[in-house]
Amino acid sequence: EVRDRWLLFVRPQAFAGSGIRYVPPRNGEPKVGRRRVSVRESKDLRNWTSTHTVLVPEEDDPDYFYGMCVFRRGDLCLGLLQRYSSATNEIVMELAWSGDGLTWSRLPIREDAVLLDVGPAGSWDAGMVATVDRPVTMGDEFWFYYGGHHKTHQYTDSISAVGIATTKRDRLLAVEASGNDGRLLTRPMPVTGNLRVNAEAKGQLRVSVHDVSDRVLPGWSAEDCRPFSGDALDAEIHWNGKSLSALRGQMVRLRFHFDNARLYTFDLRP
């Protein structure tokens with residue numbers, strides 16, 4: 001809806017699985033022929049651009065990117081990336097994110113990046129897991145309907161079933177600081193409403209309001225902010241009893257101050 005385009009995420013034809021089989025490298029040889037994620041664009045669902053590769057497995061990745069389900073949430077595209085390993089023949093899910101659907105980011109430590117893992121040995125989803133659509137919002141939770149297989153990819157007699165993985169709403173990715181000196185500065189943005197946060201804080205989370213040149217606005221400093229503590233999906237932030245909507249229409253930057261706190265999302269709305 002931002003660029004008035006449809007995006008179709010596909011495998012590029014090269015090494016897409018049509019008769020080409022990947023052979024794991026030996027003796028330090030580079031990995032070649034690994035499946036990756038590409039995108040095609042259209043304005044009318046009839047005429048499409050050629051494929052443009054947007055995600056390629058890196059050196060420390062499993063062998064293939066088997067596919068990716070993409071959905072919009074807030075101002076981000078979120079990708080549920082299917083990672084396939086020829087060493088184990090398992091498929092697990094990793095979260096990726098993008099501002100435009102073309103340039104994607106991933107967590108740097110692959111072991112920590114798994115969003116949905118296979119189940120324990122012998123379970124109904126021990127071999128492969130994969131989603132095909134966005135999560136369903138159920139109250140304060142996200143429900144991910146996913147397909148699970150009790151055997152790994154090389155078997156043709158695996159029994160499949162549908163399961164549900166749940167998490168609190170919008171808690172897929174967070175910025176956190178375990179100490180008391182964490183800082184996060186936003187890009188300039190127009191004030192369109194009150195500031196609400198989805199956050200956890202064993203210590204405190206404060207916010208200061210700055211102009212576009214990063215000068216704090218009088219009366220809107222971190223010291224003026226009523227600190228947030230605890231666990232909330234939609235907590236409103238105030239400064240000496242004032243809400244951010246008092247600055248409606250102005251361009252500001254927000255600086256979040258972390259003291260043993262974790263921020264998942266923030267929003268400007270009534």
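The values are calculated or read from the model by the stated rules, or taken from the named source; none is laboratory data. As the structure is a computational prediction, the values presented were derived from the model and not from experiment. Don't worry about glycine lacking a Cβ; one is built from the backbone with ideal geometry, like all the others, and counts go over all protein chains shown. With ligands, DNA and RNA removed, areas are computed over all heavy atoms of the protein, side chains included. Shrake-Rupley method; radii C 1.70, N 1.55, O 1.52, S 1.80 Å.
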Scope the range 138-173; condition farther than 18 Å from Val197 by Cα, exposed (fewer than 15 other Cβ atoms within 10 Å of the Cβ) and among the hydroxyl-bearing types (Ser, Thr, Tyr); matching residues: Tyr145, Tyr155, Thr156, Ser160, Thr166
Residue in the range 199-213 that is basic (Lys, Arg), exposed (fewer than 14 other Cβ atoms within 10 Å of the Cβ), within 20 Å of Leu268 (Cα to Cα) and in contact (Cβ under 8 Å) with a residue 12 or more places away in the chain present: no
Identity of the residue in the range 119-154, at pLDDT 95 or above and acidic (Asp, Glu), that ends up nearest to Thr166 (Cα to Cα): Glu141
First in the range 181-197 and over 21 Å from Asp170 (Cα atoms), second anywhere and of a type in the set (Lys, Arg), Cβ under 6 Å, 6 or more apart: Pro188/Arg253; Val191/Arg248
Search result, residues across the range 42-63 that are open to solvent by less than 20 Å² (accessible area, probe 1.4 Å) and either out of contact with any strand residue (DSSP E or B) (no Cβ under 6 Å at 6 or more places or on another chain) or not in a strand (DSSP E or B) (or both): Pro57, Asp61, Asp63
Residue match in the range 87-101 (condition: in contact (Cβ under 8 Å) with a residue 24 or more places away in the chain, open to solvent by less than 70 Å² (accessible area, probe 1.4 Å), part of a loop (DSSP other than H, G, I, E, B) and of a type in the set (D, E, K, R)): yes
Qualifying residue in the range 174-186 (condition: farther than 21 Å from Leu76 by Cα, modelled with pLDDT of 95 or more and open to solvent by 50 Å² or more (accessible area, probe 1.4 Å)): yes
In the range 224-270, residue modelled with the lowest pLDDT [restricted to those that are over 20 Å from Arg187 (Cα atoms) and not in a strand (DSSP E or B)]: Pro270
Members of the range 64-82 that are over 22 Å from Asp170 (Cα atoms) and either free of Cβ contacts under 8 Å to residues at least 24 places away in the same chain or open to solvent by less than 10 Å² (accessible area, probe 1.4 Å) (or both): Phe65
Residue match in the range 110-118 (condition: open to solvent by 70 Å² or more (accessible area, probe 1.4 Å), more than 16 Å from Gly163 (Cβ to Cβ) and of a type outside the set (Ser, Thr, Tyr)): yes
Test set (1) open to solvent by less than 50 Å² (accessible area, probe 1.4 Å); (2) among the hydroxyl-bearing types (Ser, Thr, Tyr); (3) under 15 Å from Glu176 (Cα atoms) - Ser245 fails condition number: (3)
Search result, residues across the range 119-137 that are open to solvent by 50 Å² or more (accessible area, probe 1.4 Å) and closer than 25 Å to Val39 by Cβ: Val132, Asp133, Arg134, Val136
